[in-house]
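Coordinate-derived values only; no laboratory data. These figures come from a predicted structure and were not determined experimentally. Virtual Cβ from ideal backbone geometry, glycine too; neighbours counted across all protein chains shown.
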Amino acid sequence: MFAQIGVFLVDAVVGFFVILLLARFHFQWLRAPFRNPVGEFVLATTNWLVVPVRRFVPGLAGLDLATLLLAWLLQGLGLWAQAAIIGAEPGALTVAAIALVDMLRYSLYILVFAVIVQAVLSWINPYAPLAPVFDGLTRPFLRPLRRFVPPVGNVDLTPLILLLALYVALIMVNHLRVAAATL
């Protein structure tokens, strides 16, 4: 029972920070604005981790590699801590591979969340202060679909198509995670 509680707590805390670090990376990569409550929260909760690491890990072509590296290392440490709590001894390669797959999985979850929020905001209040954030996160993925799928009765179906594609990708990533666990 205590091991289960420990694994849950490690997963919750580490997952929270990994998702925030990945959100920060995606905000920067997709050029989503940080001048909003969500962006300011992400910066406030991750600056203490990212700023010191940026001294040693430079960016590359506009990508914040320090944030990405921190997310990967933190996820790997979380997986190692969970394994230690239950008494397992996974290899370093296994932990690194699973952490990499988990980062992809969390990134897909972030995009799923952004697509759902963006779709809801477009119907309820397209001029909400957070609308540009979610539009900035989803536009690069929705734009190619909008070339091929016209609106039906003034309803944009591309978020639904993107969500279906993301869930198919999540199924494949989950199978990849299981395969990585056998390394």
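Here are a few things to note about the model shown:
- The chain: calculated mean residue ellipticity at 222 nm from DSSP helix runs of at least 4, using -39500 (n - 2.57): -27500 deg cm²/dmol
- In the frame of its principal axes, segment 63-138 has Cα extents of 51, 27, 15 Å, reported largest first.
- Ordering R147, R105, R139 by the number of other Cβ atoms within 10 Å of each residue's own Cβ, fewest first, gives R147, R139, R105.
- From the coordinates shown, mean projected area of the Cα convex hull in nm² corresponds to which of (1) 12.7; (2) 15.1; (3) 9.8: (1)
- Packing-based exposure ordering (other Cβ within 10 Å, fewest first) of T45, T94, T158: T45, T94, T158
- Relative contact order (%) - the chain, alpha-carbon pairs under 8 angstrom, separation at least six: 27 percent
- Cβ-Cβ FRET estimate between V57 and L93, R0 fixed at 22 Å, reported to 0.05: 0.50
- Cβ crowding within 10 Å, taken as a proxy for footprinting-reagent exposure, orders E89, E40 from fewest neighbours to most as E89, E40.
- As a calculated quantity, the FRET efficiency between L9 and R143 at R0 = 45 Å, using C-beta atoms, amounts to about 0.65.
- Dipole moment magnitude, nearest 20 debye, the chain about Cα centre, only Lys, Arg, Asp, Glu C-beta charged: 500 debye
- Segment 100-133 versus segment 154-182: alpha-carbon centroid distance in Å: 15 Å
- L170-I86 FRET efficiency (beta carbon distance; Förster radius 35 Å; 0.05 resolution): 0.90
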